[in-house]
Amino acid sequence: MALIDKVPGELKLHIGGLFTLRRKEALKEADVTHVLSVLRFTPDEKLFNSFRHMVVEVDDVEDENLLQHFPSTNKFIQDGLDGGGGVLVHW
């Protein structure tokens, strides 16, 4: 996986790892306006100054209940896409 990968299709939805946040030019080219962080660790908030940001604090374990977060994360992603921007989901 590259540092930022576009999900196939028409939507400006991207996935990447933690280090993707340091690729400001790539994020700008992808028109990313919203960042969804799915991790227990919260990176330096300065990395998110240019974005709307949401954090879902979960552990990377088999029995983590991710489904409980879908309503809020789906709304966040949809709001970003509806606003014309791109969304990066990273872990």
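Computed from the coordinates by the stated procedures, all read-outs in this text should not be read as laboratory data. Only a predicted model underlies this, so the values are computations on that prediction, with no experimental measurement involved. Virtual Cβ from ideal backbone geometry, glycine too; neighbours counted across all protein chains shown.
Scanning region 18-50 for residues that are among the charged types (D, E, K, R) and closer than 13 Å to V87 by Cβ yields a single hit, D31. Evaluated against (1) surrounded by 11 or more Cβ atoms within 10 Å (Cβ to Cβ); (2) free of Cβ contacts under 8 Å to residues at least 24 places away in the same chain, E62 falls short on exactly one condition, (1).
Once region 65-91 is narrowed to residues that are of a type in the set (S, T, N, Q) and surrounded by 10 or more Cβ atoms within 10 Å (Cβ to Cβ), the residue that is farthest from the chain's Cα centre (by Cα) is Q68. For region 14-52, name all the residues that are among the hydrophobic types (A, V, I, L, M, F, W, C), in contact with a helix residue (DSSP H, G or I) (Cβ under 7 Å, 6 or more places away or on another chain) and part of a strand (DSSP E or B). Residues satisfying the conditions are V35, L36. Scanning region 56-89 for residues that are over 17 Å from V7 (Cβ atoms), in contact with a Leu (Cβ under 8 Å, 6 or more places away or on another chain) and of a type in the set (A, V, I, L, M, F, W, C) yields V56, V58. For region 59-91, a tally of residues being in a loop (DSSP other than H, G, I, E, B) and in contact with a strand residue (DSSP E or B) (Cβ under 6 Å, 6 or more places away or on another chain) returns 2.
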